[in-house]
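A short worksheet on the structure shown next.
The values are calculated or read from the model by the stated rules, or taken from the named source; none is laboratory data. What you see is a predicted model; the values in this text were computed from it and never measured. Here the Cβ positions follow ideal geometry from the backbone for every residue, glycine too, while neighbour counts run over all protein chains shown. Accessible surface areas use protein heavy atoms only, side chains included; no ligands, DNA or RNA. Shrake-Rupley method; radii C 1.70, N 1.55, O 1.52, S 1.80 Å.
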Amino acid sequence: MEIKDMAFAQEDYVIACRRHLHMHPELGTKEVETTRFIVQELKAAGIDEIQTFDDITGCVATIRGAHPGKTVMLRADIDALPMQEENDCAYKSQNDGVMHSCGHDCHTAMLLGAARVLVAQKENIHGTVKLLFQMAEEIGTESRHYVEKGCLDNVDALFGMHVWSWIDSGKASFEDGARMACSDRFVVTVSGKSAPASAPQQGRDAIVAAANVVMALQGIVSRLNAPENSLVVTVGMMNGGSPALQLADKVELVGTVRTFDKKFRDGMPEMLQSVAQNAAAAYGCTADCAYTFGPSPLINEHQDLNELARGAVTKIMGEGALTHLEKMTGAEDFSVLMEKVPGVYGYLGVRNLAKNINCAHHHPLFKVDEEQFKYGCGVYAQFALDYLEQNK
């Protein structure tokens, strides 16, 4: 039986798993029951080698083939978002204020289905398949814990994918190059001197200086950055001041940086500090920038893995299934894993206008076309088997 047929046979199981997970969502780092359910299903599939952890949620399952070879890891994220679901369906979230509005329940269910396919193929596997069910993707860099715990040691290749509401059902995107940007955070503290609002010359207005900093930071995008390099510098929050009749002596600006250029990104902390300091100094104030690196840019830079992924899509979904998706300035902490091990990442279409399924991720009405799960299940399994066969 072909892998496609085996995956399609898991369709009802995968949909049932997804609906269970959708009804019982848990936030990042708190996926206790989710992890328990995953472990239960893995054991029922015949997998005995399952690693769980005392201090974090999620787990790693290992399927050892009958023949020696390399190791490939398939990853699914398992966390939900702090959002009240507005869909009216039989499997609506039962946890108030928590919802799988990004599709991680789909990824988890599809990988559980792939696990059953791979176990049935153990005698034909040349090498080892590891399944990473990762906590807290929405937080940003929590995938690093699995790296620090050695879960990726001796892993030769990684594969991950995301259901995507901007791609039609029956289509998938596994393209070369930059796919998602980094997601870094910064806090600029502008310090001045308080004085009566009626006598501003006696003080140094941190609010006016901070406003100048906000505008000056956009000069990084338009003047210090090359036009061909996509860059976003956004100040999303400004905090400062209290009495209306008093100059503010301190203002805090909180923002994010998104770019695909790793080298340019490395220079952002120094650049932000310099621009902010000079802009604040124009009004007699000072500025200090604290910069936090988040997930790095996600870049499919391994041609052999990219081709294998596209080949898996074609085998499972058919000729013509591959489609184009523009790179995005959203972020994905799969990139943290890819800093350790070569990998490839792609997107599975779940938009279906005929079924009125056309809502963006992270929306309280987010829905997906469940008929696509069999494809995701198959692509997971097919990639793993093709990689190990090619590298035996």
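Filter the range 352-362 for residues that are in contact with a strand residue (DSSP E or B) (Cβ under 9 Å, 6 or more places away or on another chain) and not β-branched (Val, Ile, Thr) and give the result. Let's see the steps before the verdict.
Step one: list which residues in the range 352-362 are in contact with a strand residue (DSSP E or B) (Cβ under 9 Å, 6 or more places away or on another chain), which gives 352-353, 357-362.
Within the range 352-362, 352, 353, 358, 359, 360, 361, 362 meet the criteria.
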If we scan the range 215-227, do we find a residue that is part of a helix (DSSP H, G or I) and of a type in the set (D, E, K, R)?
-> yes
Just name the residue that is surrounded by the fewest Cβ atoms within 10 Å (Cβ to Cβ) out of those in the range 18-35 that are under 21 Å from the mean Cα position of the chain (by Cα) and hydrophobic (A, V, I, L, M, F, W, C).
-> 32
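Before we move on, is residue 57 outside any loop (DSSP other than H, G, I, E, B), open to solvent by less than 50 Å² (accessible area, probe 1.4 Å), modelled with pLDDT of 95 or more and not aromatic (Phe, Trp, Tyr)?
Numbers: outside any loop (DSSP other than H, G, I, E, B): no; open to solvent by less than 50 Å² (accessible area, probe 1.4 Å): yes; modelled with pLDDT of 95 or more: yes; not aromatic (Phe, Trp, Tyr): yes.
In short, no.
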So residue 326 fits all but one of (1) touching a residue at least 60 places away in the same chain (Cβ under 8 Å); (2) under 21 Å from the mean Cα position of the chain (by Cα); what number is the exception?
-> (1)
Scan the range 336-352 and give yes if some residue there is farther than 30 Å from residue 218 by Cβ, modelled with pLDDT of 95 or more and among the charged types (D, E, K, R), otherwise no.
-> yes
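So that you can scan it fast, the table gives a plain yes or no per residue for (1) open to solvent by less than 30 Å² (accessible area, probe 1.4 Å); (2) in contact with an Asp or Glu (Cβ under 7 Å, 6 or more places away or on another chain); (3) closer than 30 Å to residue 253 by Cα:
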{"position": "289", "(1), (2), (3)": "yes, no, yes"}
{"position": "301", "(1), (2), (3)": "no, no, no"}
{"position": "305", "(1), (2), (3)": "yes, no, no"}
{"position": "318", "(1), (2), (3)": "yes, no, no"}
{"position": "364", "(1), (2), (3)": "yes, yes, yes"}
{"position": "371", "(1), (2), (3)": "no, no, no"}
{"position": "392", "(1), (2), (3)": "no, no, no"}
Given the conditions (1) surrounded by fewer than 23 Cβ atoms within 10 Å (Cβ to Cβ); (2) modelled with pLDDT of 95 or more, and given that residue 381 satisfies all but one, which numbered condition is not satisfied?
-> (1)
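Tell me the residue from 349, 311, 376 that is part of a helix (DSSP H, G or I), open to solvent by less than 30 Å² (accessible area, probe 1.4 Å), touching a strand residue (DSSP E or B) at 6+ places or on another chain (Cβ under 7 Å) and not charged (D, E, K, R), please. Steps first, answer last, please.
Working: 349 fails: part of a helix (DSSP H, G or I); 311 fails: touching a strand residue (DSSP E or B) at 6+ places or on another chain (Cβ under 7 Å).
Every option except 376 fails the conditions.
Can you tell me which residues in the range 36-53 are in a loop (DSSP other than H, G, I, E, B) and within 24 Å of the chain's Cα centre (by Cα)? Explain how you work it out, then say what you get.
Filtering the range 36-53 for residues in a loop (DSSP other than H, G, I, E, B) gives 45-49, 52-53.
If the condition is that a residue be in a loop (DSSP other than H, G, I, E, B) and within 24 Å of the chain's Cα centre (by Cα), then 52, 53 are the ones that fit.
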Restricting attention to the range 80-95, does a residue exist that is at pLDDT 95 or above, among the aliphatic types (A, V, I, L, M), in contact with a helix residue (DSSP H, G or I) (Cβ under 6 Å, 6 or more places away or on another chain) and outside any strand (DSSP E or B)?
-> no
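For the range 60-79, which positions are among the hydrophobic types (A, V, I, L, M, F, W, C) and either in a strand (DSSP E or B) or surrounded by fewer than 16 Cβ atoms within 10 Å (Cβ to Cβ) (or both)? Explain how you work it out, then say what you get.
Looking only at the range 60-79, we keep the residues that are among the hydrophobic types (A, V, I, L, M, F, W, C), and these are 60-61, 63, 66, 72-74, 76, 78.
Hits for the range 60-79 are 60, 61, 63, 66, 72, 73, 74, 76.
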Checking residue 251 against (1) touching a residue at least 40 places away in the same chain (Cβ under 8 Å); (2) in a helix (DSSP H, G or I), the condition it does not meet | (2)
Return yes when residue 155 is among the β-branched types (Val, Ile, Thr), outside any strand (DSSP E or B), open to solvent by 20 Å² or more (accessible area, probe 1.4 Å) and in contact with a strand residue (DSSP E or B) (Cβ under 8 Å, 6 or more places away or on another chain) and no when it is not.
-> no
Determine if the range 138-150 includes at least one residue that is surrounded by fewer than 20 Cβ atoms within 10 Å (Cβ to Cβ), part of a helix (DSSP H, G or I) and among the β-branched types (Val, Ile, Thr).
-> yes
Assuming residue 331 fulfils every condition listed in (1) buried (at least 19 other Cβ atoms within 10 Å of the Cβ); (2) among the hydrophobic types (A, V, I, L, M, F, W, C); (3) not in a loop (DSSP other than H, G, I, E, B) apart from one, which condition is it?
-> (3)
In the range 175-191, what residues are open to solvent by 30 Å² or more (accessible area, probe 1.4 Å) and in a loop (DSSP other than H, G, I, E, B)?
-> 175, 176
Specify the residue that is most open to solvent (accessible area, probe 1.4 Å); the eligible residues are those in the range 36-54 that are of a type in the set (A, V, I, L, M) and free of Cβ contacts under 8 Å to residues at least 60 places away in the same chain.
-> 44
Please give the number of the condition residue 203 fails out of (1) open to solvent by less than 10 Å² (accessible area, probe 1.4 Å); (2) in contact with a helix residue (DSSP H, G or I) (Cβ under 9 Å, 6 or more places away or on another chain); (3) free of Cβ contacts under 8 Å to residues at least 60 places away in the same chain.
-> (2)
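Quick check on my filter: what residues within the range 224-255 are surrounded by fewer than 19 Cβ atoms within 10 Å (Cβ to Cβ) and touching a Lys or Arg at 6+ places or on another chain (Cβ under 7 Å)? Break it down stepwise before answering.
As a first pass, look at the range 224-255 and keep what is surrounded by fewer than 19 Cβ atoms within 10 Å (Cβ to Cβ): 224-230, 232, 234-246, 250, 252, 254.
Scanning the range 224-255 gives 232, 240.
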